[in-house]
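The values are calculated or read from the model by the stated rules, or taken from the named source; none is laboratory data. Note that the coordinates shown come from a computational prediction; the quantities given were computed from them, not determined experimentally. Don't worry about glycine lacking a Cβ; one is built from the backbone with ideal geometry, like all the others, and counts go over all protein chains shown. Just the protein is used for accessible areas: all its heavy atoms, side chains included, with ligands, DNA and RNA removed. Shrake-Rupley method; radii C 1.70, N 1.55, O 1.52, S 1.80 Å.
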Amino acid sequence: MPGIVIVGAQWGDEGKGKIVDLLAKRADMVVRFQGGNNAGHTIVRDGQKWAFHLIPSGILYPGKLCVIGNGVVVDPRVLTDEIDGLRAKGIDVSGLRISANAHLIMPYHLMLDSAGEAKLGKLSIGTTKRGIGPCYADKAARLGIRVQDMLDEKILKKKIAAALEPKRLTLRPFARDPALDLRSMTEDYLTFGHRLEQFIADTSSLAQRCLDDGGTVVFEGAQATMLDIDHGTYPFVTSSNPVAGAACVGAGVGPRDIDVIWGVAKAYATRVGAGPFPTELDDAIGDDIRERGGEFGTTTGRARRTGWLDLVALRYAARLNTLTGLVITKLDVFSGFDVIRVCTRYRGQDEATFDVFPYHQSVLHHAVGDYVELPGWSEDVTGCRSWADLPEAARDYLDFIAEFIGVPIVLVGVGPGREQIIWTQAGDRLDAAAA
C-alpha cells in the first residue's frame, strides 16, 4: 500500500484523529508531520475517551510505529506527561519514535506567546499560547533547539544561551522567573533527554525504509488547510503548513511516496480563535450545532465558533491538497433539522459575488455566505453502517457536497465511536487494498 496523507479540509477539529485511528489498524507506521501540542484530538474506543496532543493515535495498536516527525515542534514536558498517562492506562508505548531533528518548545517560547497575544489586545490572533509560533520563529531564524540537542549538555547550554540573547529585552518582564535560569533550564531539558532518549531516532530513514519495503504509512496532519501559514486566512493561522504537500517535508519523504490524500471535513463548519468565518452562525442554530456536536476544544476547552458548511473554502482546500477522497464527519448532528443550508459562493461589499476563495484579506473579511437550501431529515443516523441505511435526504446532502467539490466521499461519520463510520464504495477500495 502507498503513503496515505490525512489532512483537515476546514479550520481544524474535523475528526482527523478518528480517521487516522481507523487506518492505523491496517498501517505499519503513522507519522505526525507538523504542528505541536496546540492541536489535539479525541478518540472514543469501547466507550472510553482518549485525548491525544502529540503522539499519533496509532499508539493504541500494539506493534505500530508511531512517529513524531521532524516538522513537529515538541514540548518535552507535555510529551513525557502524555507518555506517562498512556502507560498508566496500560498502553505499550515502545512503538513511539521522535525525530532527532524536531524542534523543542522552550519555556521562553510560552512566555513570548502569551506576551505577544496580550500586546496585540483586540487584534490578537487567538493562539493557544502553547509557544508554537515563537518556536517555529526560532526555527526559521536558526536559533532553534532540537530534540537531539537534549543528548549533549555542552551543545544544549550553548544553544539556549544563543537563543536567549536576542530576546532579553522582550523577556524583561519575566526576568525573575526561575524557568528562565540558564542552568536550571539546561538541567531540565537534559533530564527530558534522558527520559526520551530511547524513542529518539532518524525517523526519515524509518519512513523511507517502510515505504521501500511495501509497507503502509499514514501521514497525520494537525490543524487544517484554512489555518495554513501560506494558504490560510493569514494572519489568523497556525505557524506551520498543515497541507498535504508538507507531509513530505515534515516526515522526510519524497513527493512520489504519497499516493492517497484524504481531506476531513465536518457536515458543518467550525473555527477556533479570531479570523474571518464567512458562514458563521451567531444565533440559536449555531448554539444548537455547538451543543449537539460537542464543539469544545480538546486541548483548550474553548467553545468553537460554528457555521453552515462552506463549499467555497472546501473546494479551495480540495485543490490545494489535490484530494483523492473526502471524509465527512458528524453527519448525525443534523438529524432533526428540517432545512440545511450550504454555502456555494460568497457575497462581498457592493453586491460583489465570489465563486472562488478570495485571495485578498480585505475582501475575505467582509465576505458572507450565499446559500442553497437542502431538505433535512428526522431520522437518527447514529446506527447507520452502510450508505443504503442513510435517509434519502442525508444521501442527497452528501451527493451535493461531492458533486460540488469534485471529490468522491470515502467515509461518513455518524457518531463519536470508531464503529460509527460508513465506508462508501470509494473508501471500500482502499480498505480492501490495505487488508
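Being touching a Pro at 6+ places or on another chain (Cβ under 9 Å) and not in a strand (DSSP E or B) is the filter here; which residues of the stretch 333-363 pass it?
Selection gives Gly348, Gln361.
Somewhere in the stretch 221-231, is a residue farther than 30 Å from Val272 by Cα and either surrounded by fewer than 21 Cβ atoms within 10 Å (Cβ to Cβ) or in contact (Cβ under 8 Å) with a residue 24 or more places away in the chain (or both)?
no
When the stretch 1-51 is examined, which residues are found to be without any contact (Cβ under 8 Å) to a residue 40 or more places away in the chain and of a type in the set (Phe, Trp, Tyr)?
Trp50
Please work out which one of (1) free of Cβ contacts under 8 Å to residues at least 24 places away in the same chain; (2) over 20 Å from Val7 (Cα atoms); (3) in contact with a helix residue (DSSP H, G or I) (Cβ under 7 Å, 6 or more places away or on another chain) is the condition Arg292 fails and give its number.
Of (1) free of Cβ contacts under 8 Å to residues at least 24 places away in the same chain; (2) over 20 Å from Val7 (Cα atoms); (3) in contact with a helix residue (DSSP H, G or I) (Cβ under 7 Å, 6 or more places away or on another chain), only one is false for Arg292: (1).
Write out, first by first residue and then by second, each pair whose Cβ atoms fall under 6 Å of each other, whose residues are 6+ apart or on separate chains, and whose first residue, in the stretch 247-263, is of a type in the set (D, E, K, R) and open to solvent by 30 Å² or more (accessible area, probe 1.4 Å) while the second is modelled with pLDDT of 95 or more and in a helix (DSSP H, G or I).
That search, which allows pairs on different chains as well, returns Asp257/Leu211.
Could you look through the stretch 38-54, keep only residues that are modelled with pLDDT of 85 or more and open to solvent by less than 10 Å² (accessible area, probe 1.4 Å), and pick out the one that is nearest to Asp428 (Cα to Cα)?
Looking at the filtered set, the residue picked out is Phe52.
Can you find a residue that is among the aromatic types (Phe, Trp, Tyr) and either open to solvent by less than 10 Å² (accessible area, probe 1.4 Å) or in a helix (DSSP H, G or I) (or both) anywhere in the stretch 193-214?
yes
Out of the stretch 359-375, which residues are over 18 Å from Ala269 (Cα atoms) and under 25 Å from the mean Cα position of the chain (by Cα)?
The answer is Tyr359, His360, Gln361.
Is it the case that the stretch 397-415 has a residue that's of a type in the set (Gly, Ala, Ser), surrounded by fewer than 19 Cβ atoms within 10 Å (Cβ to Cβ) and farther than 30 Å from Val5 by Cβ?
Looking through the stretch 397-415, none of the residues is of a type in the set (Gly, Ala, Ser), surrounded by fewer than 19 Cβ atoms within 10 Å (Cβ to Cβ) and farther than 30 Å from Val5 by Cβ.
Regarding the stretch 108-117, can at least one residue be identified that is open to solvent by less than 20 Å² (accessible area, probe 1.4 Å) and outside any helix (DSSP H, G or I)?
no
Applying the selection to the stretch 314-336, what residues are in contact with a Ser or Thr (Cβ under 8 Å, 6 or more places away or on another chain) and of a type in the set (Gly, Ala, Ser)?
Within the stretch 314-336, Ala317, Ser335, Gly336 qualify.
I'm trying to understand the selection: among the residues of the stretch 383-393, which are out of contact with any Cys (no Cβ under 8 Å at 6 or more places or on another chain) and either surrounded by 15 or more Cβ atoms within 10 Å (Cβ to Cβ) or part of a helix (DSSP H, G or I) (or both)?
Cys384, Trp387, Ala388, Asp389, Pro391, Glu392, Ala393
Can you find a residue that is of a type in the set (S, T, N, Q), open to solvent by 20 Å² or more (accessible area, probe 1.4 Å) and assigned to a loop (DSSP other than H, G, I, E, B) anywhere in the stretch 176-192?
There is no residue in the stretch 176-192 that is of a type in the set (S, T, N, Q), open to solvent by 20 Å² or more (accessible area, probe 1.4 Å) and assigned to a loop (DSSP other than H, G, I, E, B).
Checking the condition more than 26 Å from Val44 (Cβ to Cβ) and touching a residue at least 12 places away in the same chain (Cβ under 8 Å), which residue from Val333, Val327, Val342, Val381 passes?
Being more than 26 Å from Val44 (Cβ to Cβ) and touching a residue at least 12 places away in the same chain (Cβ under 8 Å) holds for just one of Val333, Val327, Val342, Val381, which is Val342.
For residues that are part of a loop (DSSP other than H, G, I, E, B), without any contact (Cβ under 8 Å) to a residue 60 or more places away in the chain, open to solvent by 10 Å² or more (accessible area, probe 1.4 Å) and not charged (D, E, K, R), tally how many sit in the stretch 55-94.
Residues flagged as part of a loop (DSSP other than H, G, I, E, B), without any contact (Cβ under 8 Å) to a residue 60 or more places away in the chain, open to solvent by 10 Å² or more (accessible area, probe 1.4 Å) and not charged (D, E, K, R) within the stretch 55-94 amount to 6.
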